[in-house]
Each structure stands twice: as C-alpha cells, then as structure tokens.
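Quick notes on the structure that follows.
The values are calculated or read from the model by the stated rules, or taken from the named source; none is laboratory data. Nothing here was measured: the structure is a model prediction, and the numbers come from that model. Using ideal geometry, Cβ is built from the backbone for each residue, glycine included, and neighbour counts are taken over all protein chains shown. Each accessible area value is taken on the protein alone, full model and side chains, heavy atoms only, with ligands, DNA and RNA left out. Shrake-Rupley method; radii C 1.70, N 1.55, O 1.52, S 1.80 Å.
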Amino acid sequence: MDSIMKITSDARFRLARSLMTSGGDSTTNSFEGAIEIFASLLEETRNTCGETSLTAALCYYEYGNALFRAVVRRKPLDSDNENHDEDKKPAAKPSSAAARKRSLDDDKTKEPGLSVSNKRAKRENSVEEGDNDDDDIALALEMLSTSFSIFDWHSSTDEDKKTKPDEEGKRYSLTQIPRVLSTFGDIHSHCGKFGDAVDAYFRALPYRENAWEERQKPGKGESLSVDDLKCQRLLVETYALVAEALLACKEGEDVVCANDEDEDDTNGATGKVLVAAKDRVDFAESHYATAREKLQDIVYQMGKLAAENVDLGDEKKDIGYLVMMLVGIGNTLEPLKTARS
C-alpha cells in the first residue's frame, strides 16, 4: 500500500487529477494533458511495481477514465444519442476479462508490448480524425478491463492462487472495483449500450452496499464524517444510475447485456436478458424509490455536518447533482406510471 500512497501523492498524479476537474475554454487541452500524464505514470508503475500491482491497476483506471472523459468533453452525450450504430460490436464487459484474470493466477511473465502512450499515437495516426473518439473509447475499455482484472484478483480469496493477496490490498481493491464498474456503465451509456450499462451498475451495487454496511457496524461511532457521507452518496447514486439506465432502454424490449465471451451461448442468443420488457419500468421505479428514500437521510446528515461547521468540500455539490439526477428520473417515470394506471 506504500506504493499507492506514493503514486497518489506524486505531483504529476495530482496535477493530472487537477487537469481533469479544471474548467474554462482550455478544458479539452486539459484532458489531453491528463491523458499524457496518466499514460506516462502507467508505463512507469508497470516497470517499477509490476504489471499486476495495485499501483498499476490504479493507473490503468485513471488512464482509461481520462480517455473517456475527454471523449465526453469533445462529444457530449445529449448531442450524440442519435448517432449510435446499432450494428456496432458490443463493448467488452468487465467479466469478459476472465482470461486475463487467469493469467494473473498463473503468475506468468508477460512479453513487453506496445506502450500505452505509443498505442494511442498509433491509433491516431492510422485512422481518420472522426474515428479517434471511437478508438479512444475502445482503448479506455481495454484499460478499464485490465484494471478490473487486477483489482478483482487482489480482492478474491481463491485458495489455488500461487501468490496470496494481502488483506490491506484486498480492502483497497474492494473500494476500487465499484469505481471501475461505474465507469464501465458510464461508457456503455454514452455509447448507447444501455443494457450493458445496467449490467455494470448492477455489478457495482453490492460493493457499494457492503462499503456502507461496514461503516455502520457497532464501534464506528455515532458521528458521521464527510467520508461516510460520500460512501452513502455513492450508494444512492448507483441506485439512481441503475434506474436511469433502465429507463433509457428501448420500450417493449428486454433489457439485454452482451454475452460473456467465456460463457457458452448454446441457444444462439445475442445477449443475456437482465430484465424482461414487462418488468423494466417496475425495476426502474423500485431502484428510484430506494434512492429517493436513502437520499433523505443524506440530506439530513449533510445538514448536521453543516451545523457543526464541518467543511463538506465538493460533497455538497455532488449531492446537489444527485438531487437533480433523481428529479430527472422522477420526471421520466411520471408519464410511464400514468400510462399504466
């Protein structure tokens, strides 16, 4: 874990994070700067800490996330919904990285390949300018899939492993997996693959729930910290994301995610059914109701912290975004509920 602390306190890492949150007319350039920094840090951590280290997993995530956020900044979601090609190959699911996970268990030494920074440069030089966003999305998914595989390996307790993950590394991985899954969901939503988005958010929910339950165990104290508030907010946000993705799926069709490449498709189906068409709105309404109920406690706890003059930092703004998100989901649900009654 010392290597994690070292990389997160690295001036370059902090600068890249700052560039990701900066605004103004130079935002796109800021994202490109963050991408270059994270690519460089990833190469460095792979060489110094190992390709399957937690530090490398974090850098894989940050690099993939930066690639995606840059695409969103260049081509916002709302202006692109009509441009999704239905015949595009479904994006890779996190669970589709099982082969890579097995290679971690086998503890094999990987052959040095094309560096991530050169890989992106090669993509940009080999395609037309208009295709760069699609290639950056593909590369982002590749980076996230690798990150997920490493975190998943460090968080599991498989007795057959040759190298046993340490408990501290396991706990850290369990906090990072839902981040990766949620970003998978964001990418799938942006690409119009809403069934895959539902699947990714569904997968993130148990991790968010367990994290919140851990903070509520006896002995943790009655006073709520800002970190506790953030943990609770991330849980509620995931419920909302599930509801939002479900409502974005096509009316009258089953909610389907892409098949796992490691599963046998004996029935010739093109995907796995997550929610039947007739249950889609009910499922969305259920997750929305849960999110709305839990939000009330968040607002109450936020008020208590504010009364104690606790600096909430960006959490107050993030909770405000969550409130707006739930209002939007409620407005979408209302005519659907009216039509059923």
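Could you give each residue of the stretch 132-147 its phi-based ³J(HN,Hα) in whole Hz, using Karplus coefficients 6.51, -1.76, 1.60 with θ = phi - 60°, and x for Gly or Pro?
Along the stretch 132-147, the couplings run 4, 4, 4, 6, 5, 5, 4, 5, 4, 5, 5, 5, 5, 4, 5, 4 Hz.
Computed FRET efficiency, Cβ-Cβ of Asn29 and Met1, R0 35 Å: what is it to the nearest 0.05?
Here the calculated transfer efficiency is 0.55.
Tally Lys and Arg at +1 and Asp and Glu at -1 over the other residues with C-beta under 9 Å from the C-beta of Ser155: what net charge comes out?
Summing Lys/Arg as +1 and Asp/Glu as -1 gives +1.
When the accessible area of the stretch 202-252 is computed with all protein chains present and a 1.4 Å probe, what percentage of it is carbon and sulfur?
44 percent
With r as the distance between the Cβ atoms of Thr338 and Thr48 and R0 = 56 Å, compute the FRET efficiency 1/(1 + (r/R0)^6) and round to 0.05.
0.40
Exceeding 20 Å between C-alpha atoms, which entries from my cross-link table qualify? They are Lys75/Lys272; Lys75/Lys250; Lys278/Lys337; Lys230/Lys304; Lys316/Lys337.
Violating the 20 Å limit, Cα to Cα: Lys75/Lys272; Lys75/Lys250; Lys316/Lys337.
By average Cβ neighbour count within 10 Å, what is the ranking of 11-18, 308-315 from highest down?
So the peptides 11-18, 308-315, ranked by packing, come out 11-18, 308-315.
For Val256, enumerate residues with amide H under 5 Å from its amide H, sequence gap 5+ or separate chain, H modeled in the peptide plane.
Gly195, Leu274
Pull up all non-local amide H partners of Ser225: gap of 5 or more, or a different chain, and H-to-H distance under 5 Å with H placed in the peptide plane.
Excluding prolines and chain starts, which carry no amide H, there are no hits.
Got a sec to turn the phi values of the stretch 293-303 into Karplus ³J(HN,Hα) couplings, 6.51 cos²θ - 1.76 cosθ + 1.60 with θ = phi - 60°, whole Hz, x for Gly and Pro?
After applying 6.51 cos²θ - 1.76 cosθ + 1.60, I find 5, 6, 5, 4, 5, 4, 4, 5, 5, 5, x Hz.
Among 288-296, 175-183, 327-335, how do they line up by average Cβ neighbours within 10 Å per residue, starting with the highest?
Highest mean packing first, the order is 175-183, 288-296, 327-335.
Using each residue's phi in the stretch 194-200, evaluate 6.51 cos²θ - 1.76 cosθ + 1.60 at θ = phi - 60° and report the 3J(HN,Hα) Karplus result to the nearest Hz, with x for Gly and Pro.
Each residue's phi maps through the Karplus curve to give 6, x, 5, 5, 4, 4, 5 Hz.
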